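Report on the following structure.
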Amino acid sequence: MDKLRLKFAKTGRAVYISHLDLMRTMQRVFSRAGMALKYSEGFNPHAKISIILPLSVGTASLCEYMDFALEGEYDLKMLPERLGPYMPEGIAALEAYPAPCKGAELRWLRLEGLLRGGRDAAFYTGFFAKSPILVEHRAKRGVRTDDIAPAIRSARFTDVENGVRAELVLHAQEPTVSPELMMAALGENGPAYFRFTRLEAYKEDMTPFR
Amino acid sequence: MNEKIDALLRQVQRPARYVGGEYNQIVKDKADVDVRFAFCFPDTYEIGMSNLGMKILYGTVNEMPGVWCERVFAPWGDMAQAMRREDIPLWALESGDALDAFDIIAFSLGYEMAYTTVLDMLDMGHIPLRAKDRPGLKHLVVAGGGCICNIEPMAEYFDLCFLGEGEDVDREVIELYRQAKREGWDKPRFLRAAAQIEGVYVPGLYAVDYHADGTVAAITPTDGAPAKVRKRIVEDFDSAYFPTKPVVPSTEIVHDRVSLEVFRGCIRGCRFCQAGHTNRPVRSRKPETLLRLGKETLENTGYQELNLSSLSTSDYRGLSELCDGLLDYCRPRGISLSLPSLRADNFSMDIMQRVQQVRKSGLTFAPEAGTQRLRDVINKNVTEEDLLNSCRIAFEGGWNNVKLYFMLGLPTETDEDVLGIAELAKKVFWTWKQHAANKARGVRITVSTSEFIPKPHTPFQWEEQISRTEYLRRVDLLTGALARTKSVTYNWHDAEMSLVEAALARGDRRMGPVIERVWRSGGRLESWSEYFDLRRWLEAFPACGLDIDFYATRARPVEELQPWEHMDCAVSRRHLERERARAYEGALTPDCRAGCSGCGAASLLKEGVCRG
């Protein structure tokens, strides 16, 4: 079976697993479940799997997507249940289906987060309402300064007990802005501690990505 | 994960190694647990999780109802620093509970350079370092592993140690501990009783006296402890516990694969080799058992690689049959098979060719010495002809990457032996020129040398270690001899660490404070060159009134009582003395199958007969 997509969640202790380690882990999950992933041809064959939008270490997600291909035929509806017992703690298979579109069509992400040890909600709201918002980041050719303001569709901040709650909708691919980059933009006004969770993914026109 | 720890994890490299939650980890309900056992590995997660002994004991201890064994590793420098700064104690991966929540804190010691890390982990877990400062039964600190055959330098820190293989004796001690806890014994009573279990060494029950010159005068057992602690083995290795459901790390480790232990012990009697002498007698698993265990473990882990492990896999009688069986299973599933520690002989090369049909990784041989004379002295039964013949087969088969390992400073070594290494490397190169399947690809021959370290319980336990200056002179000699051979790369390990390793390996109890001093001055994770600093040791020895050369470089008279002579690893002192004499005669001793040399290890078997 080709061009399959798995939606999965990565939370709890699994948020510390890096992207490369996750790829390896997923291959082993399939192998433990007795399902053979398709391999590329060639001198150094590798499993045909790709995770659409690599997640930063420390960020949780309820909407990760992995494209893959399987040897043999399976009832895709049953796949999450079959894979479940073979996952490490914190990774949950949610849904498997034939990929209805290219991974590149994933454009927006809705996230929530918690910020501690920095400024209050009003400050963050004011900061991210302005334009441009310039961030230096390391690119292939030296340090580049980017304006991330156009990639922030919405950024709401609310004071909660012990910190600030963030609700964000960010452009995820071309251009990419991550919550980590937003925190970096705050410079010394940034929080001492923050954590984010991806909640939902959308296409360019804000229809749900599947 | 609480937020304080979560904040730390975001600041450090590779946080996944600190959080547990991996597939196959064992979590128990604390309400059903009466003994909590912390299995501590005094090195990083990546090293510790690669250790087969750890997987075995984790599995077998967790099979005991009411006992929960969890894993603890030493954090890398950035994490250790952050934890100390934030005053977060060292925790176990499964529960996240700090070390002081555990009843038994057990260390696996396979390498002397880990000693300072043991102290660091205890301290990071808020456990008093010395046995005498832990008056209660709680926080019993124990140790097992290869180093126990001379654990004297660490004697004051451990309450008890396990000599030999741990599968059975660990469980017996845990049962006794449970009884002691239930019946409210005090710690001395528990230790006295534990010392009666075969394979248990309670350092506190032995008094050691010294002569004025610093050598050991007497080792006296007290409170009914045995005069000699006899090592334990698993006699029926075929049915011995094997971890077919090991924890599968979610982050890459050093040996990220299934490791199938085909046999224990070694039939070769290489005179420098400690493992070859302390793990006797040889006990094997049947090929059909290994096939079943291998398949089961592959299925339960999802690993794509399987490695056959032992001290000398070529010597496994069923190797051919086993490899065929495994290949039948592995090939169609894209699982690769790896065979380390092969000997340079025809049989091994044949197996190699069958196993590595697709990817031809490098081949490694360990002739250990450059001339036949010296190879005879160390009883390394490999001839130049064997080696070159193996290389020829390899080059014909398309391999073009050969690594050769040697030691410098072996007993009786002369400059001629050192130069012999270069000669041998050149002959390997000529063999390639004559027989290479494809010369266009070139060849890589790597020669590596390390310094010989005399180890307890070997025929060379009385030998001197050459000084670092002398080692470097021999390195220079070899470098010069290889200078004009373009296809040969020469790597040498610095001898700084070897000096400390040698001192610790043959050390006595007076070295405890030296280890503490090195740790207090920052020594930890010292098997990592980035964390090792010889200066700390060179400062600590004299500060504690000791001389590092007394331990490391000094040749011992055979009559001298060695600090480890109350450890009985079943190979007799008489055998070691005989082998030492034969070394000086350059006489070979046949392997155990060609002829029993009466080493004494057979006495560990019920029938008293070793089948090799």
ask   = Where residues in the range A:39-52 are more than 11 Å from chain B (Cβ to nearest Cβ) and within 15 Å of A:F68 (Cβ to Cβ), which of them is surrounded by the fewest Cβ atoms within 10 Å (Cβ to Cβ)?
value = A:S40
request  = Using the structure shown, decide if B:D168 is touching a Lys or Arg at 6+ places or on another chain (Cβ under 7 Å), open to solvent by less than 30 Å² (accessible area, probe 1.4 Å) and not in a loop (DSSP other than H, G, I, E, B).
outcome  = no
remark   = Residues in the range B:25-49 that are polar (S, T, N, Q) and open to solvent by 20 Å² or more (accessible area, probe 1.4 Å) total 1
ask   = So how many residues does the range B:464-491 have that are part of a helix (DSSP H, G or I) and either touching a residue at least 24 places away in the same chain (Cβ under 8 Å) or among the β-branched types (V, I, T) (or both)?
value = 11
task = Would you please name the residue that is farthest from A:I133 (Cα to Cα), looking only at residues in the range A:145-198 that are open to solvent by 50 Å² or more (accessible area, probe 1.4 Å) and of a type in the set (A, V, I, L, M)?
result = A:V160
key: Meets criteria (touching a strand residue (DSSP E or B) at 6+ places or on another chain (Cβ under 8 Å) and under 23 Å from B:S336 (Cα atoms)) for A:A36   = yes
inquiry  = Going by what's in this entry, would B:R556 be described as modelled with pLDDT of 95 or more and open to solvent by less than 50 Å² (accessible area, probe 1.4 Å)?
reply    = yes
query = Mind checking which residues of the range A:66-113 are open to solvent by 50 Å² or more (accessible area, probe 1.4 Å), within 14 Å of another protein chain (Cβ to nearest Cβ) and over 21 Å from the mean Cα position of the chain (by Cα)?
reply = A:E71, A:R82, A:P85, A:Y86
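Residue-wise test of (1) open to solvent by less than 10 Å² (accessible area, probe 1.4 Å); (2) in contact with a strand residue (DSSP E or B) (Cβ under 6 Å, 6 or more places away or on another chain).
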{"position": "B:K380", "(1), (2)": "no, yes"}
{"position": "B:N401", "(1), (2)": "no, yes"}
{"position": "B:L408", "(1), (2)": "yes, yes"}
{"position": "B:W432", "(1), (2)": "no, no"}
message = Conditions first: (1) open to solvent by 60 Å² or more (accessible area, probe 1.4 Å); (2) out of contact with any helix residue (DSSP H, G or I) (no Cβ under 6 Å at 6 or more places or on another chain); (3) not acidic (D, E). B:L419 passes all but one, so which condition is the exception?
response = (2)
inquiry  = Is it the case, given these coordinates, that A:T197 is part of a strand (DSSP E or B) and closer than 20 Å to B:Q11 by Cβ?
reply    = yes
note = When B:D494 is run through (1) at pLDDT 95 or above; (2) under 30 Å from B:A583 (Cα atoms); (3) outside any helix (DSSP H, G or I), the failure sits at (1)
Within the range B:1-81, helices (runs of 4 or more DSSP H) holding 1 or more residues that are closer than 27 Å to B:R178 by Cα and polar (S, T, N, Q) = B:52-62
request  = Filter the range B:506-517 down to the residues that are of a type outside the set (D, E, K, R) and surrounded by fewer than 24 Cβ atoms within 10 Å (Cβ to Cβ), then identify the one that is nearest to B:D159 (Cα to Cα).
outcome  = B:G512
task = Just need a number here: residues in the range B:591-610 that are touching a residue at least 40 places away in the same chain (Cβ under 8 Å) and either in a loop (DSSP other than H, G, I, E, B) or open to solvent by 30 Å² or more (accessible area, probe 1.4 Å) (or both).
result = 8
query = Among (1) farther than 30 Å from B:A552 by Cα; (2) of a type in the set (S, T, Y); (3) buried (at least 24 other Cβ atoms within 10 Å of the Cβ), where does B:T117 come up short?
reply = (1)
ask   = Here are B:P249, B:P243: which of them is more than 18 Å from the chain's Cα centre (by Cα) and within 14 Å of chain A (Cβ to nearest Cβ)?
value = B:P249
note = Taking the range A:5-38 and keeping only residues that are part of a loop (DSSP other than H, G, I, E, B), among the small types (G, A, S) and either within 19 Å of B:K295 (Cα to Cα) or open to solvent by less than 10 Å² (accessible area, probe 1.4 Å) (or both), one is left with A:A33, A:G34, A:A36
Flag for A:T59 being of a type outside the set (F, W, Y), under 30 Å from A:D159 (Cα atoms) and open to solvent by less than 20 Å² (accessible area, probe 1.4 Å) = yes
task = Would you mention how many residues in the range B:221-239 are closer than 22 Å to B:W462 by Cα and assigned to a strand (DSSP E or B)?
result = 2
query = Could you list, in sequence order, the residues of the range B:1-45 that are away from chain A (no Cβ under 14 Å) and either more than 15 Å from B:W91 (Cβ to Cβ) or among the hydroxyl-bearing types (S, T, Y) (or both)?
reply = B:K28, B:D29, B:A31, B:D32, B:V33, B:D34, B:V35, B:P42, B:D43, B:T44
inquiry  = Being at pLDDT 95 or above, open to solvent by less than 10 Å² (accessible area, probe 1.4 Å) and more than 14 Å from chain A (Cβ to nearest Cβ) is the requirement here; does B:V202 meet it?
reply    = yes
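The values are calculated or read from the model by the stated rules, or taken from the named source; none is laboratory data. The shown structure was predicted, so the numbers you read here are calculated from the model rather than taken from an experiment. Methodologically, a virtual Cβ is constructed for each residue, glycine included, from the backbone with ideal geometry; neighbour enumeration extends over all protein chains shown. Side chains are part of the model used for accessible areas, which takes the heavy atoms of the whole protein and leaves out ligands, DNA and RNA. Shrake-Rupley method; radii C 1.70, N 1.55, O 1.52, S 1.80 Å.
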